[in-house]
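Before any comments, here is the structure.
The values are calculated or read from the model by the stated rules, or taken from the named source; none is laboratory data. No experiment lies behind these values; they were computed from the predicted model shown. Note that we place each Cβ from the backbone using ideal geometry, even for glycine, and neighbour counts take in every protein chain shown.
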Amino acid sequence: MKHRLARLRLRINHGLALLTGNPRADRVVPPSGHTAMLTSLTAGAMAFLAVFALALSLATGRLAERWSGALAKSATVRISAPAEQIDRQTSKVLEVLETTPGIEFARALTEDEIRALLEPWLGPDLPVDSLPLPQLVEITEADQGFDADGLRLRLQAEAPGAVLDDHVRWRMPLISSANRIRSLGLFSLILIGGATAAMITLATQAALAANGQVIRTLRLVGAEDSYIARAFVRRFTLRALIGALVGAAFGTLAVALMPAAAEEGAFLTGLGFSGSQWAWPLAIPVMAAIVAFVATRMAAFRTLRTVR
């Protein structure tokens with residue numbers, strides 16, 4: 001128990017040392033210059049891009065859920081038959097649907113509703129009255145769903161002109177595309193984190209190389225590599241954290257100013273966050289600081305072994 005408390009106290013002390021720092025050790029790291037600017041700008045730019053990648057991933061996730069929910073519980077029966085048989089076959093289709101388990105509701109669309117469905121594709125001025133339009137029957141599924149293959153056989157026997165469309169061929173490619181875009185957004189976040197780590201590693205190595213003489217002097221007076229490395233870790237971690245905070249703030253503001261889906265006629269899902277998702281950008285500076293801490297620590301100890 002005493003050993004565990006000692007290790008916990010040591011970790012707390014290291015954490016406090018990372019935040020407060022050591023003024024004498026901090027002088028090892030140049031307070032300004034190209035390395036400071038490179039670290040801050042890199043973290044800020046990457047955090048800005050990470051906000052958009054995160055917004056893209058979350059937006060496509062909402063899009064997939066919306067498409068799945070809108071199409072999963074609906075189906076359509078299209079009746080194509082001579083004009084004198086349309087009414088009879090429509091009645092037969094409705095009778096079949098009323099006795100089919102798993103169908104909650106079914107109704108035949110009116111002529112005005114069918115015309116409204118065709119208007120976005122054929123235009124408002126098309127003389128649809130002269131066209132042999134099929135009759136459409138809208139189906140709402142129950143929670144347990146229905147047997148599509150069995151229903152097709154019953155419709156074929158009762159109404160030869162009826163064709164069932166359960167929207168699977170429309171739903172699955174759309175959902176698959178949205179999920180792929182979401183995966184692309186997550187993969188972009190990984191690439192951004194890797195690029196950030198690489199740039200901070202180069203900046204750390206450059207700072208250590210530029211202060212080689214100071215490091216040799218510190219070693220002569222008894223300073224250990226952990227003492228020197230801690231100064232670099234703290235300085236570069238704080239630089240990355242501040243830069244990422246600024247970049248994430250500007251990225252979140254840019255996302256908030258983008259047009260919403262309603263402004264585009266509900267055709268787009270809107271690239272942005274919804275509800276509690278607005279808290280997600282707060283995690284980006286934290287992740288940037290963690291990446292900077294790990295990258296700087298590894299680069300510092302690796303470089304210090306070569307400085308003799």
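Figures for the structure shown
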| quantity | calculated |
| --- | --- |
| Yes/no for Arg88 being at pLDDT 85 or above, under 13 Å from Glu158 (Cα atoms) and not hydroxyl-bearing (Ser, Thr, Tyr) | yes |
| Every residue from the range 273-308 that is of a type in the set (Gly, Ala, Ser) and farther than 19 Å from Ala203 by Cα | Ser274, Gly275, Ser276, Ala279, Ala283 |
| Residue match in the range 171-182 (condition: modelled with pLDDT of 75 or more and over 30 Å from Gly61 (Cα atoms)) | no |
| Sole residue being outside any helix (DSSP H, G or I), over 16 Å from Glu98 (Cα atoms) and modelled with pLDDT under 70, chosen from Asp125, Asp129 | Asp125 |
| Selected residue (only one of Val77, Val93, Val51 is at pLDDT 85 or above, touching a Pro at 6+ places or on another chain (Cβ under 6 Å) and buried (at least 20 other Cβ atoms within 10 Å of the Cβ)) | Val51 |
